[in-house]
Amino acid sequence: MSIEIILHLHNEDPILAEIEKLPDPPDQSVTITHPRRRDGQSLHYITEGATAFIFPMARISFIEIMGSEETEEIVEFFRD
C-alpha cells in the first residue's frame, strides 16, 4: 500500500509522490515513485521511463504525509 506524500526539497518546488513506507530515523535516503508537481503535471527534470527515485535526506527539508481520502460517514441519533 502506497503512502502519498509531499516532499519538500531545499531550494526547489515541492514534489507530490508515493512511498511504500515512512522513513525511519537512521535512514540516509527516501525512495519515491510517481513524482509530479502538486498540480499533477510531470517534472521537467525527470527522464521518461524512470520508475523510482532516491533522494538523500540531506536534500530534504521535510515530508508532509497526506491523509487518505477514505472517510467513514458517522451517523448519530439524537432526541430533541
Item to complete: Out of Ser61, Ser29, report the one residue that is of a type in the set (Ser, Thr, Tyr), over 18 Å from Ile3 (Cβ atoms) and surrounded by 11 or more Cβ atoms within 10 Å (Cβ to Cβ).
Response: Ser61
Worksheet entry | Matching residues in the stretch 32-51 - criterion: being over 13 Å from the mean Cα position of the chain (by Cα) and not aromatic (Phe, Trp, Tyr) | Asp39, Gln41, Ser42, Leu43, His44, Ile46, Thr47, Glu48, Gly49, Ala50, Thr51
Fill in: Where a residue in the stretch 41-67 is under 18 Å from Asp24 (Cβ atoms) and its partner, wherever it lies, is at pLDDT below 90 and among the small types (Gly, Ala, Ser), with Cβ under 6 Å and at least six apart
none
Discussion item. Condition first: exposed (fewer than 12 other Cβ atoms within 10 Å of the Cβ) and at positive phi. Now tell me which residues in the stretch 32-58 satisfy that.
Written reply: Gly40, Gly49
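The values are calculated or read from the model by the stated rules, or taken from the named source; none is laboratory data. Please read these numbers as outputs of a predicted model, since none were measured by experiment. Neighbour counts run over all protein chains shown; Cβ positions are idealised from the backbone, glycine included.
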